[in-house]
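Derivation of every value follows stated rules applied to the coordinates shown; laboratory data play no part. Fair warning: this is a prediction, and the values are worked out from it, not measured in the lab. Every residue, glycine among them, receives a Cβ derived from its backbone with ideal geometry; neighbour counts consider all protein chains shown.
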């Protein structure tokens with residue numbers, strides 16, 4: 001028998017093990033590559049959706065009433081917001097503004113809200129019609145916003161980010 005054509009049984013077993021190990025690694029990689037929003041059990045997703053909706057309403061009421069204590073409980077310590085004018089606001093900035101009373105929101109109607117989950121993160125998008133006053137006078141407008149919630153180590157949802165964009169009239173000022 002020619003030695004170039006002969007493959008020892010020990011070598012075949014080693015190759016089979018290597019192939020099996022490679023398949024297991026690739027299979028595990030594919031499993032973890034599945035988007036996390038599909039991994040939340042349906043009951044937990046429903047419960048989390050309800051919690052986020054309640055928090056959105058608590059946020060709305062806190063803005064309308066200037067309730068800094070409620071807002072403090074909703075926002076994560078590292079919260080950051082981007083206002084419709086492009087300014088950055090920390091949790092302390094938001095709480096100070098609520099406490100000052102210089103800006104008063106008298107009506108805040110939210111609609112077209114959507115909540116999506118990505119593991120321990122929830123993304124909320126909504127339309128907001130806002131009426132109120134600020135230092136410059138009347139504050140009125142329509143906005144689209146995105147709010148990001150993250151479930152912390154204690155299992156509580158906290159708002160970590162917010163961004164608002166003013167909706168302009170097609171022929172209005174830019």
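Given points 7 Å out from each Cα along the Cα-Cβ axis, report the residue 114 to residue 58 separation in nanometres with one decimal.
Label at residue 114, label at residue 58, 2.6 nm between them.
Mind checking the full-extension length gain between residue 131 and residue 44? Use 0.36 nm per residue of separation minus the Cα-Cα distance, one decimal, nm. Each step should come with its number before you reach the end.
Working: separation 87, 0.36 × 87 = 31.32 nm, distance 3.56 nm.
Net length gain for the segment: 27.8 nm.
When Rg is the radius of gyration of the Cα atoms in segment 39-166 and Rh is its Kirkwood radius, what does Rg/Rh come to?
Taking Rh as the inverse mean 1/r over Cα pairs, Rg/Rh reads 0.97.
Would you please state which residues of segment 140-165 a label at residue 77 would reach in this model, taking the label point 7 Å out along Cα→Cβ and a backbone N cut-off of under 13 Å?
Counting only backbone N, you get 153-154.
If I take R0 = 22 Å and measure r between the Cβ atoms of residue 169 and residue 138 in this structure, what FRET efficiency does the formula 1/(1 + (r/R0)^6) give, to the nearest 0.05?
That gives a FRET efficiency of 0.85.
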